[in-house]
């Protein structure tokens with residue numbers, strides 16, 4: 001591959017890209033947010049998808065699967081891939097001291113990263129993850145109410161996420177995973193900024209989720225910083 005290469009990272013093969021210029025519910029601030037950046041065009045990603053499915057058994061973990069687009073050139077266009085998901089992963093590069101995005105990558109609470117197909121390392125990371133200490137979030141069908149709290153910087157971003165809570169099996173016809181059927185769970189379909197939170201109580205309105213999708217709200221320091229609070233319906 002020209003700009004792309006496979007590297008051995010902590011004993012695990014990963015795909016690497018060179019750096020490029022319901023009713024209302026309240027959040028549980030002990031939630032741990034695990035974001036998987038994956039691609040149907042990456043041969044190292046299926047085990048990470050399976051690991052995410054295993055994590056879904058934990059009520060204290062919110063898992064989100066973001067399909068990136070930079071492996072589409074290998075012959076299979078990821079059915080769930082969107083540029084904004086790739087952009088989110090790239091935003092983590094500087095804070096996490098990375099030279100470029102890779103798959104499969106898991107990011108925990110916006111502060112720690114691990115190769116997604118390394119279950120032992122992931123389990124260890126989750127056991128030591130710090131609790132989220134941000135504001136309360138009361139989440140309804142079309143509104144999020146955020147309580148008062150401290151903001152490390154001048155403001156934090158408020159993200160609206162729509163995801164499919166089911167396990168979805170996708171047959172792959174071309175590319176590195178040709179002939180395989182890949183399982184996915186908590187696939188993110190939409191990632192939208194709702195605005196900013198400055199530490200004062202705030203309310204954000206948004207459309208009701210499409211049928212079959214659930215809603216999550218993340219409050220996060222800007223430019224790929226730590227996640228302060230999370231809630232899902």
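Of all DSSP-defined beta bridges confined to the chain, some 85% are antiparallel rather than parallel. Once the Cα-Cα distance is subtracted from the 0.36 nm per residue extended length, the residue 208 to residue 173 segment shows a gain of 9.2 nm. When peptides 209-219, 37-47, 164-174, 149-159 are sorted by average Cβ neighbour count within 10 Å, with the highest value leading, the order is 37-47, 209-219, 149-159, 164-174. Note: relative contact order over segment 126-201, using C-alpha pairs below 8 Å and six or more positions apart, is 34 percent. Take 104-110, 55-61 and order them by the average number of nearby Cβ atoms within 10 Å per residue, most first; the result is 104-110, 55-61. For segment 156-233, the Kirkwood radius over C-alpha pairs fed into Stokes-Einstein at 25 °C and 0.890 mPa s yields D = 169 µm² per second.
Applying 1/(1 + (r/R0)^6) with R0 = 22 Å to the Cβ-Cβ distance of residue 61 and residue 99 gives a FRET efficiency near 0.20. Taking a point 7 Å from the Cα of residue 87 along the Cα-to-Cβ direction, the residues of segment 182-196 with backbone N closer than 19 Å to it are 188-196. Contact order, relative form, for segment 49-90: 30 percent (alpha carbon pairs under 8 Å, 6 or more residues apart, mean separation divided by residue count).
Along its three principal directions, the equivalent ellipsoid of segment 43-138 from the Cα gyration tensor extends over semi-axes of 23, 16, 14 Å, largest first.
Let me make sure I get this right: for segment 87-218, a, b and c are the square roots of the gyration tensor eigenvalues over alpha carbons, sorted descending. Under 1.5 in a/c it's rounded, otherwise prolate if a/b > b/c, else oblate. Which is it? Since a/c reaches 1.5 but b/c is at least a/b, the shape of segment 87-218 is classed as oblate. Dividing the mean sequence gap of close Cα pairs (under 8 Å, 6+ apart) by how many residues segment 76-233 holds gives a relative contact order of 27 percent.
Where the alpha-carbon atoms of the chain are placed on the principal axes, they occupy 50, 37, 33 Å, in descending order. Treating r as the C-beta distance of residue 50 and residue 143 and R0 as 30 Å, the FRET efficiency rounds to 0.30. If every alpha-carbon in segment 85-160 counts as one equal scatterer, what log10 I(q)/I(0) does Debye give at q = 0.12, 0.16 1/Å? Values, matching the q order: -0.47, -0.81.
No lab work stands behind these numbers, since they all come straight from the coordinates. Model, not experiment: these values are computed from the prediction. Quick reminder, even Gly has a Cβ in these numbers, built from the backbone with ideal geometry, and neighbours come from all protein chains shown.
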